[in-house]
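To keep things clear, I will list the structure first and then write my remarks on it.
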Amino acid sequence: MKNRSTTPIAVRRVTIGGVRDERDLVATEEPMEIRVVTPGDGGRTDAVAITMRTPGHDFELAVGFLLSEGMLAGREDVVDVSYCPDPDDMQQYNIVQVTLAPGALFEPGLLARNFYTTSSCGVCGKASLEALRTFGAVSVGQSPRVAASLVRKLPGRLRAAQPVFEQTGGLHAAALFVAQGDLLTLREDVGRHNAFDKLVGHHLMAGNLPLAQHVVVVSGRASWELMQKALAAGISTLVAVGAPSSLAVELANEFGMTLVGFASANRFNVYAGGHRIVLD
């Protein structure tokens, strides 16, 4: 399948010096349906979600999403990931099927009940955190400390490693670094959550979870949803270029995570878990 992460379009550039018509690239945005196939009774198929995403790393997005929503326990739950098996379906490459292993616990109604995952639902912080405790989330535990001088460098390293952003200027990114600052993995998408799910999905399928020994850097703000996804992957330290929400800070404190916001070459704020940041 060809790379569909960018789409060429016609654009009219208007400047003080005049007007000219050119071709440009924009980030592609298309819907992707995630289906789960469970064994037994000939194989039951449930459509669990539709997300607007930038095509690319679709399989990672699917399994990362399922893990962060509590629908997968780990790599052992997944037997196969594929596009729609019907080649005649016009949306073949916009449908991803995740086939579960026999014995994997899957509850189709889980997403409908996890209403606390949307920031617009108006649920209070205490109810949201209690839902995570019931969900089985645990504190991330011990992890390496990170130098403040390195934290200031990470947003620049993230930006420098965004290939599609350089072409379009329209994508979010999530990147995984070792505590010493080397970049391991980066994923881009028009959606902040999708980029994060792709990153987590990659390491889920590689058998690398939990990621407590690493640092994740995100290009936007730190929301409740991103911190929830980080917790599901066992990530101890999250650095955001933008601002955190109050509930993101509360979640980080509750589960022993480090949360940094407004990170740039000149400054950053530590909102939780300051013991992991070495003020050098």
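Residues in segment 263-272 that are touching a residue at least 12 places away in the same chain (Cβ under 8 Å), of a type outside the set (K, R) and under 17 Å from A243 (Cβ atoms): A263, S264, N266, F268, V270, Y271, A272.
Yes or no: T99 exposed (fewer than 13 other Cβ atoms within 10 Å of the Cβ) and either under 27 Å from E29 (Cα atoms) or modelled with pLDDT under 65 (or both)?
Judged against the criteria, T99 is not a match.
Take segment 264-280 and flag every residue that is of a type in the set (K, R) and assigned to a helix (DSSP H, G or I). Once the filter is applied, which keeps residues that are of a type in the set (K, R) and assigned to a helix (DSSP H, G or I), segment 264-280 yields only R276. The numbered conditions (1) in contact with a helix residue (DSSP H, G or I) (Cβ under 6 Å, 6 or more places away or on another chain); (2) within 28 Å of L231 (Cβ to Cβ); (3) modelled with pLDDT under 85 are all true for T6 except (2). Restricted to segment 22-65, and to residues there that are among the charged types (D, E, K, R), farther than 17 Å from Q92 by Cβ and within 19 Å of the chain's Cα centre (by Cα), the residue that is surrounded by the most Cβ atoms within 10 Å (Cβ to Cβ) is E60. Of all the residues in segment 163-194, those that are in a loop (DSSP other than H, G, I, E, B) and modelled with pLDDT of 90 or more number 4.
The values are calculated or read from the model by the stated rules, or taken from the named source; none is laboratory data. The model shown is predicted, which means the values in this text are computed figures rather than measured ones. Cβ atoms come from the backbone with ideal geometry, glycine included; neighbour counts cover every protein chain shown.
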